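Peer 1: Quick one: the structure is below, and I'll ask about it shortly.
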Amino acid sequence: MNPDLLPLPCLTSLVLAYSAWQALSLVMDRHHADIHGRGTEPSAKQRQRGRWLGTLALVLALAVCVQNSGWGIGPVAWLGTMTLAALLVVLQLWYAPRSLLHTAKPAWLLAALLCLLVLL
């Protein structure tokens, strides 16, 4: 397999953006209710943690893109990976909302591993 087809920084940025959108969507009232049942809301601590994790992952995705492509193309690549990751999360929430809980932890673990490989 040709390693240039999907470079490691691109995959890292995509997984980080996917994890970020997952974290941000899981603390929204509507998506939380879709997954956990109507009438439930995330706690204030869960909301704060999800927002911080989502923001951190998006900033790290930007750092990976800028480190890989420079400031000229990096932010454009970041917007592209954010868009693709958001589309994946939206489709997952639309067709199988409960599956988001099953993919969240593996996505975060993969994001952390790839981030260590790329940024260090």
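None of the figures in this text is laboratory data; all of them are computed from the coordinates on show. For clarity, every value in this text was computed on a predicted model and none was experimentally measured. Heads up, the Cβs are rebuilt from the backbone with ideal geometry, glycines too, and the neighbour counts pull from every protein chain shown.
Peer 1: Normalised by the residues of segment 33-116, what does the relative contact order come to in percent, with Cα pairs under 8 Å and at least six apart?
Peer 2: Relative CO of segment 33-116 lands at 26 percent.
Peer 1: Could you derive backbone 3J(HN,Hα) for segment 51-58 from the dihedral phi with the Karplus parameters 6.51, -1.76 and 1.60 (θ = phi - 60°), listing whole Hz in sequence and x where the residue is Gly or Pro?
Peer 2: With the stated coefficients, segment 51-58 comes to 5, 5, 5, x, 5, 4, 5, 5 Hz.
Peer 1: OK, next. Let me make sure I get this right: for the chain, a, b and c are the square roots of the gyration tensor eigenvalues over alpha carbons, sorted descending. Under 1.5 in a/c it's rounded, otherwise prolate if a/b > b/c, else oblate. Which is it? Can you show the working numbers first?
Peer 2: Numbers: a/c = 2.24, a/b = 1.90, b/c = 1.18.
Note, shape of the chain comes out prolate.
Peer 1: While we're here: So what's the back-of-envelope 222 nm ellipticity for the chain, counting only DSSP H runs of four-plus at -39500 (n - 2.57) apiece and dividing by all residues, rounded to 500?
Peer 2: On the way: 4 runs with 100 residues, N = 120.
That comes out to -29500 deg cm²/dmol.
Peer 1: Place +1 on the Cβ of every Lys and Arg and -1 on the Cβ of every Asp and Glu in segment 32-120, take the dipole about the Cα centre, and give the residue among P75, S43, G54 whose Cα lies farthest towards its positive end.
Peer 2: S43
Peer 1: Between helix 99-119 and the chain, what is the angle of the helix's C-alpha long axis to the longest principal axis, kept within 0 to 90° and rounded to the nearest 10?
Peer 2: Tilt of helix 99-119: around 30 degrees.
Peer 1: Put one equal scatterer on each alpha carbon of segment 56-120, apply the Debye formula with no solvent term, and list log10 I(q)/I(0) at q = 0.13, 0.26 1/Å to two decimals.
Peer 2: -0.42, -1.13
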